[in-house]
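Q: Take this structure, written in structure tokens, and hold onto it; I'll ask about it next.
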Amino acid sequence: MEKYPGKKNIAVFISGRGSNLKSLIKNSKRKNSSYKILLVISNNPNAAGLNYALKSKIKQYAIEYKSKSSFERQSLKILKKYKIDLLCLAGFMKILSGSFIKKFSKPILNIHPSLLPKYKGLNTHLRAIKNKDKFAGASVHKVNQKLDSGKIILQKKIKILKKDNVISLKNKVLKIEHEIYPKAIVKFLTNL
Ligand code: GRF
């Protein structure tokens with residue numbers, strides 16, 4: 001099912017709001033975009049982000065997360081059907097198993113709201129503020145079997161100001177996420 005010659009077929013996994021998905025969709029619509037989003041899968045049927053797919057007429061699947069193995073089995077089937085070249089996790093709050101990564105056999109990218117390797121996992125902004133860090137940021141990295149540990153594709157940092165709190169920092173970093181994720185995909189695809 002190679003629908004768009006010359007463009008790579010991308011799938012996006014989400015769990016909630018989907019603001020990163022929105023930014024990826026927007027960038028995919030540029031004339032010279034090197035990728036096309038063919039489908040969106042959510043582990044949460046109520047994810048608001050599914051509406052962005054709907055608006056852009058992108059195929060969407062809500063696969064209820066009864067268990068990791070059932071979710072992954074169903075997703076894999078769909079990813080293969082659409083001949084997906086690259087899977088992008090965008091606010092996808094589940095950890096993919098090693099077996100899924102192996103069976104999918106195509107690259108997987110993730111966006112993480114910290115300057116990796118600092119602050120893998122959750123509560124990144126709180127940890128950065130508590131540690132009195134001077135900088136925060138976002139990273140796009142390849143997904144491997146270790147949480148938030150794959151090769152970094154692109155990062156951008158911003159200053160943490162004295163007046164920043166978790167919410168203000170989260171908002172500033174989210175803006176950076178929207179900026180770097182599409183760029184990281186293009187960079188990654190160029191070197192593929
Ligand atoms: C983003 O900050 C992402 O980095 C993190 O969860 C948030 C998801 O936001 N993993 P959204 O669903 O893309 O709006």
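Here, each number is a calculation from the coordinates, and none is a lab measurement. Here the structure is a predicted model, which means the values were calculated and not measured. Using ideal geometry, Cβ is built from the backbone for each residue, glycine included, and neighbour counts are taken over all protein chains shown.
Q: By per-residue mean of other Cβ atoms within 10 Å, what is the highest-first order of 53-64, 135-146?
A: Descending packing order for the listed peptides: 135-146, 53-64.
Q: Cut-off 16 Å, label point 7 angstrom out along Cα-to-Cβ of LYS183: give me the residues of segment 125-143 whose amide nitrogen falls inside.
A: 136-141
Q: Taking amide H positions as placed 1.01 Å from N in the peptide plane, with prolines and chain starts having none, which residues 5 or more places from GLN60, or on another chain, fall under 5 Å of its amide H?
A: VAL40
Q: Also, quick follow-up: With only Lys, Arg, Asp and Glu charged, each at its Cβ (+1 for the first two, -1 for the last two), find how big the charge dipole of the chain is about the Cα centre; round to the nearest 20 debye.
A: Roughly 320 debye, rounded to the nearest 20.
Q: At a Förster distance of 30 Å, what's the computed FRET efficiency of MET93 paired with ASN32, Cβ-Cβ distance as r, to 0.05?
A: Step by step, r from the Cβ atoms, then E = 0.40.
Q: Would you kindly derive the ³J(HN,Hα) couplings of segment 114-124 from the backbone phi angles with the Karplus curve 6.51 cos²θ - 1.76 cosθ + 1.60 (θ = phi - 60°), listing them in order in whole Hz, with x for Gly and Pro?
A: Once rounded to whole Hz, the list reads 7, 8, 4, x, 6, 6, 5, x, 9, 6, 4.
Q: Now for a separate question. In nm, what is the difference between 0.36 nm times the number of residues separating ASN51 and ASN165 and their Cα-Cα distance?
A: 38.0 nm
Q: Additional query: Might you report the magnitude of the Cβ-based charge dipole of segment 80-192 about its Cα centre, with Lys and Arg at +1 and Asp and Glu at -1, to the nearest 20 debye?
A: With only Lys, Arg, Asp and Glu charged at Cβ, the dipole is about 140 debye.
Q: Give me the distance in nm between label points sitting 7 Å out from Cα along the Cα-to-Cβ direction at ARG73 and ASN123, one decimal.
A: With each label placed 7 Å out from Cα toward Cβ, I get 3.6 nm.
Q: Work out from phi, with θ = phi - 60° and the Karplus expression 6.51 cos²θ - 1.76 cosθ + 1.60, the ³J(HN,Hα) of each residue of segment 154-165, listed in order in whole Hz, and give x for Gly and Pro.
A: Each residue's phi maps through the Karplus curve to give 7, 9, 9, 10, 9, 6, 8, 8, 4, 7, 5, 10 Hz.
Q: Cβ neighbours within 10 Å, averaged per peptide: list 37-44, 103-110, 185-192 in order, most packed at the top.
A: Ranked by mean Cβ neighbours within 10 Å, highest first: 37-44, 103-110, 185-192.
Q: Follow-up. Farthest toward the dipole's positive end in segment 17-110, which of SER19, ASN32, ILE63, given Cβ charges of +1 (Lys, Arg) and -1 (Asp, Glu) about the Cα centre?
A: Going by the charge dipole, the pick is ASN32.
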